[in-house]
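Just so it is clear, none of the values below were taken in a lab; they were calculated from the coordinates. Quick caveat: nothing in here was measured; it's all calculated off a predicted structure. Cβ coordinates were reconstructed from backbone atoms using ideal geometry, including for glycine residues, and neighbour counts include every protein chain displayed.
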Amino acid sequence: MFAYHTYLTVIVPAVIAFIVTVVATKFAIEYFYGAGITDEDHNKQKMAILPSSGGVAVAFGLIIGMMTYIFGGSFAFQPILDVSQLMAAALSIMLITFVGFLDDINVGKKRTVGTDLKRYKRGLKQWQKPLLTVVGAIPLMAINAGISTVSIPFIGVVNFGLIYPILILPIAVIFVSNAFNLLGGFDGLQPGMALVASFGLLLYTTFFGTHIGALLSAVLFASLLAFWPFSKYAARIIPGDSFTYCIGGALVVIMSLGNAEAFGIIIFIPWLIEFFLHLRRRFHVTDLGIRQRDGTFAPPYGKKIYSLTHWVMNMGRLKEYQVSNLLILFETIFVVIAFGIQYLGLL
């Protein structure tokens with residue numbers, strides 16, 4: 001009976017999150033386009049203007065899924081999880097998503113040069129983003145979220161004590177939410193890699209982590225699965241920075257509350273690589289390629305690699321969806337590696 005109750009309280013919120021995300025995304029496509037919250041799709045033969053900030057719909061589905069569990073715990077069953085942790089997680093994700101939304105809606109009337117690309121979107125200044133995202137860590141710090149004892153591969157178990165919620169957690173929120181924002185520019189790339197990462201976390205937290213980690217992973221995976229058809233090639237909505245910040249924040253929350261920090265670091269390696277590649281050019285980098293007449297893309301800096309997308313484009317004549325699919329496969333490899341390390345007992 002306990003197992004049935006446990007699985008039910010994960011599946012039902014996930015289903016609700018899926019349905020809400022589908023409805024919210026359809027609404028966002030029409031509403032944001034009419035409101036002028038748009039961005040340019042530079043990868044098509046004829047440049048298209050698409051509604052942006054699709055991450056708001058994903059965040060909405062994710063939060064409603066979490067609230068579904070809390071609602072059920074209040075009226076239908078005795079909640080297994082600590083509701084205060086869920087509320088803190090929801091507030092943290094909302095605050096971080098809001099930072100991304102502020103970045104999305106800062107659209108000018110004239111094109112300006114940003115990250116080697118002329119575009120209408122101006123966004124927040126580079127120094128403003130980490131400063132604002134640290135606010136998202138405050139709810140987690142307030143409840144002393146997570147487990148301070150962390151298993152580090154090849155090192156062993158380390159107890160960080162109060163350093164974990166006061167220092168490590170806010171740094172993780174700032175870094176992960178901003179690093180996840182670096183890799184993108186191609187239809188389906190960001191949602192696809194996030195989908196693989198969330199599925200990996202769902203499996204890990206279900207078998208090796210905590211129940212709250214499994215719940216959050218299931219709700220996140222369901223929301224991303226619902227958003228995927230709208231964002232894959234050819235996309236009907238651009239995920240925007242609200243998406244990348246939302247997912248980055250959600251991943252930190254799941255790693256922390258799900259006791260999956262070591263596993264999370266391994267599956268986050270592609271974004272760590274992207275961070276250091278961008279750092280080589282002080283983050284003045286575009287991930288986009290130069291579209292050729294046959295629909296393939298040439299790397300913007302030739303043989304110089306400042307992004308994983310540049311590395312993939314240097315492999316050969318690839319079309320947009322192929323660039324995205326190869327990087328999604330790249331993320332899948334790291335999820336498999338993480339489970340391999342877990343199998344060897346090193347996590």
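Things worth noting here:
- Helical content of the chain, expressed as a calculated mean residue ellipticity at 222 nm, amounts to -20000 deg cm²/dmol (DSSP H runs of 4 or more residues, -39,500 (n - 2.57) each, divided by residue number, nearest 500).
- The lysine pair tally for the chain, using Cα distances under 14 Å and a gap of 8 or more places or different chains, is 7.
- Where trypsin sites (Lys or Arg not before Pro) in DSSP loops with at most 10 other Cβ within 10 Å are excluded, longest remaining stretch of the chain: 126-281
- Size of charge dipole - the chain - debye, nearest 20, with Cβ of Lys, Arg +1 and Asp, Glu -1, no other charges: 1340
- Here's the picture: charge each Lys and Arg Cβ at +1 and each Asp and Glu Cβ at -1 in the chain, and of 24, 250, 296 the one pushed furthest to the positive end of that dipole is 296.
- Using alpha-carbon coordinates, inclination of helix 55-75 to the longest axis of the chain, degrees: 10
- Charge-dipole axis of the chain as Lys and Arg at +1 and Asp and Glu at -1 on Cβ define it, positive-most pick from 339, 162, 99: 99
- Placed amide H near residue 39: partners under 5 Å, 5+ positions off or other chain: 50, 52
- Between helix 211-231 and the chain: long-axis angle, C-alpha atoms, 0 to 90°, nearest 10: 20
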